[in-house]
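For reference, the structure is listed below as structure tokens.
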Amino acid sequence: MKVVLTHEESENLFFDALCNGLGYIESGYDLELAFSDLDYKNAKKKLSGQSCCYEDILMSILRNGGSLTLKDLDGDFTQTIFLKDVHERVADTPIRHLMDAINEDGDAVTADVILQSVFYREVIFG
């Protein structure tokens, strides 16, 4: 079964995954999210005057053409993504987890699987 998502739906699901799974991914798998300091500064400036959180800034980095990198502190699993990767890969999340996210029944595991699906195109940790 293939689920077709709009760009907005993919971005919303990825944003939720960042909010609910990024801490788990970083601490549980010894990965670190990295991005350009300049991209972060520009994204934050673009959002100034709005109520925003860290994950809003991360999405703004992607929407502004920047990238996010998951750095593997112990091995060879460092990967970089751009917004087009979010648009193309969220829908490739294993269906059980994707449907949980769409139905708002997800948890940290759901978020973890979405993040891995986008960054790695498969679940390699956990």
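The values are calculated or read from the model by the stated rules, or taken from the named source; none is laboratory data. Values in this document were obtained by computation on a predicted structure and should not be read as measured data. For neighbour counting, all protein chains shown are included, and Cβ atoms are generated from backbone atoms with ideal geometry for every residue, glycine included.
Cβ contacts < 6 Å: first residue over 11 Å from residue 94 (Cα atoms), restricted to region 108-120; second residue hydroxyl-bearing (Ser, Thr, Tyr) and at pLDDT below 95, any location; separation 6+ or different chain. Result?
108/24; 112/24
For residue 36, indicate whether it is of a type in the set (Gly, Ala, Ser) and out of contact with any Ser or Thr (no Cβ under 9 Å at 6 or more places or on another chain).
Values: of a type in the set (Gly, Ala, Ser): yes; out of contact with any Ser or Thr (no Cβ under 9 Å at 6 or more places or on another chain): no.
Against the criterion (of a type in the set (Gly, Ala, Ser) and out of contact with any Ser or Thr (no Cβ under 9 Å at 6 or more places or on another chain)), residue 36 does not qualify.
What number of residues within region 11-28 are polar (S, T, N, Q) and closer than 9 Å to residue 111 by Cβ?
Quick first cut of region 11-28, residues polar (S, T, N, Q) only: 12, 20, 27.
The next check asks that each one be closer than 9 Å to residue 111 by Cβ; those that pass are 20.
So the count comes out to 1.
Within region 6-28, which residues are touching an Asp or Glu at 6+ places or on another chain (Cβ under 9 Å) and modelled with pLDDT of 90 or more? Even if it seems obvious, please write down each step before you answer.
Taking region 6-28 first, the residues touching an Asp or Glu at 6+ places or on another chain (Cβ under 9 Å) are 10, 15-22, 24-26, 28.
10, 15, 16, 17, 18, 19, 20, 21, 22, listed by residue number.
How about region 1-52: which of its residues are among the hydroxyl-bearing types (Ser, Thr, Tyr), assigned to a helix (DSSP H, G or I) and over 12 Å from the mean Cα position of the chain (by Cα)? Don't jump to the end; show me each part of the working.
Within region 1-52, the first condition is being among the hydroxyl-bearing types (Ser, Thr, Tyr), and the residues that meet it are 6, 10, 24, 27, 29, 36, 40, 48, 51.
Going one step further and asking which of them are assigned to a helix (DSSP H, G or I), we end up with 10, 24, 27, 29, 40.
Those that are among the hydroxyl-bearing types (Ser, Thr, Tyr), assigned to a helix (DSSP H, G or I) and over 12 Å from the mean Cα position of the chain (by Cα): 24, 27, 29, 40.
Output the residue which, of all residues in region 95-124 that are more than 15 Å from the chain's Cα centre (by Cα) and closer than 15 Å to residue 21 by Cβ, is surrounded by the most Cβ atoms within 10 Å (Cβ to Cβ).
Per the criteria, the residue is 100.
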